[in-house]
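Take a look at the structure set out below.
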Amino acid sequence: MDRCIVLVDAGYLLGAAASLLAGEPSRSRITVDHTALIQGLRERAESDTQQPLLRIYWFDGAPDRVPQPEHRRLRVMPRVTVRLGALTRSDGRWAQKGVDAAMHAELTELARNRACSDVVLVTGDGDLLPGMMAAKEHGVAVHLWAVQAADGDYNQSEDLVAEADERRVLDRAWITKAVRAKEYSGVCAPQPAPRPEIAAILSAPLPDSALAAPAERPAPQPPHPVPGPGVNGSEERVPAAAKGVPTPKDLAALRAPGAQSAQPPASATLRWSSDKGWVDRPAAEPPEAASMPTLAQLTTAEQRWADREEDITTVGGDPFEVGQVFARRWVERLGDQSHLPRLSGMYPRIPHRVDGELLRYAARFGLLAHKDDQIDERDRYAIRAGFWKEIGVRTGVEHAPVGD
């Protein structure tokens, strides 16, 4: 077949680009325009091989092989197929598993089936040498592309370079058409500036119960066991009512079998930590919040199928976008529109049942994953900000920061 195929090791391509532009191979140091990058690869491949492009295979790693937002954007592009290996953390560093093996298998299978006349490999790993040799034996011309090395030396296996039929270097000028280094001031990377909608959530006032200064709140005391009547007259030690503001553990003890009270006091509050320090919240949501239906309750089987189709083909996976999509579906299927003004009045807190469902939905897109062993809280804020932005559009209520 007189056509070409491009096999891209994304870890090599983007890691080498980060080294070239930002001085270190961390992909978090660069911003990638995937549309421009794919178009550039296609044009360069067709120009170098003088053959039309059949397909670009994009090989990358992902935690638990769950597609990340960038993978979701790539896999719906024309002539692009995404293959994912595992991404594991060892000794404080992330490492791809199975990517090289997948590239080797794809390369040899394409050559064996004579699916193309030319193969372009964007990789530097010498483990692909046997696959390259097998492809040549089946009459396929192998083009090896390198990313310009930051230190002027090779960033590819010398055996690969020696075995390739043709070799090209993607230089800085070509790379910067689709990749740019993020701006940093100093050694440590600053947090990106939050979107206005996220700033609105962070600056929204706390409930009245949380306005008291921390010093004015009595510190919670651990529950002290006190003797109480047990079975058959024996004494049984049960937790006494907590002093001050009870913690969730204190309230759980009050509900324990044999406790003096099966339910916490009506005025009991739970202490939670937040970005604004310790805050107090009621032990239970107000009735109007607890009565709000979830999206799952509002969705039919046919709608569920259509939602999944849309998620796979059109939703890119940006956290803000995910929140908007969820809110749009929830509002469109909500029968009782009286829930909307009540929901707006709860801003910036989303009812627990709806919020939990929103975050579980976001997890489908690879969001909320552990990054450097910590949950990415910025993604959470962005998801909820997207939700509130869509609610504001539907209700005409602008959720603005305090003082605006």
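We did not get these values from a lab; they are worked out from the coordinates using the rules stated. Note that this is a predicted model, so its numbers are computed, not measured. Please note: Cβ atoms are built from the backbone with ideal geometry, for glycine as well, and neighbour counts cover all protein chains shown.
Okay, here's what the table says:
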{"quantity": "5 angstrom amide H check on L53, placed H, neighbours 5+ away", "calculated": "C4"}
{"quantity": "Local net charge near E43, Cβ-Cβ under 14 Å (Lys/Arg +1, Asp/Glu -1)", "calculated": "+3"}
{"quantity": "Antiparallel content of DSSP bridges confined to segment 4-181, in %, to 5", "calculated": "20 percent"}
{"quantity": "Full-stretch length increase - M346, A86 - with 0.36 nm per residue and alpha-carbon distance subtracted", "calculated": "89.5 nm"}
{"quantity": "Exposure proxy order (Cβ contacts within 10 Å, fewest to most) of S90, S19", "calculated": "S90, S19"}
{"quantity": "Segment M1-R93, length gained on full extension (0.36 nm per residue, minus Cα span)", "calculated": "29.0 nm"}
{"quantity": "Sequence-separation-based contact order of segment 4-181, relative, with Cα cut under 8 Å and 6+ spacing, percent", "calculated": "27 percent"}
{"quantity": "Contact order relative to length of segment 1-74, as percent, for alpha carbon pairs under 8 angstrom and 6 or more apart", "calculated": "45 percent"}
{"quantity": "Cα gyration tensor, segment 1-97 - rounded (a/c under 1.5), prolate or oblate", "calculated": "prolate"}
{"quantity": "Part-to-part distance (alpha-carbon centres) for segment 311-334 and segment 18-33, which is given in Å", "calculated": "30 Å"}
{"quantity": "D33-R112 FRET efficiency (beta carbon distance; Förster radius 41 Å; 0.05 resolution)", "calculated": "0.75"}
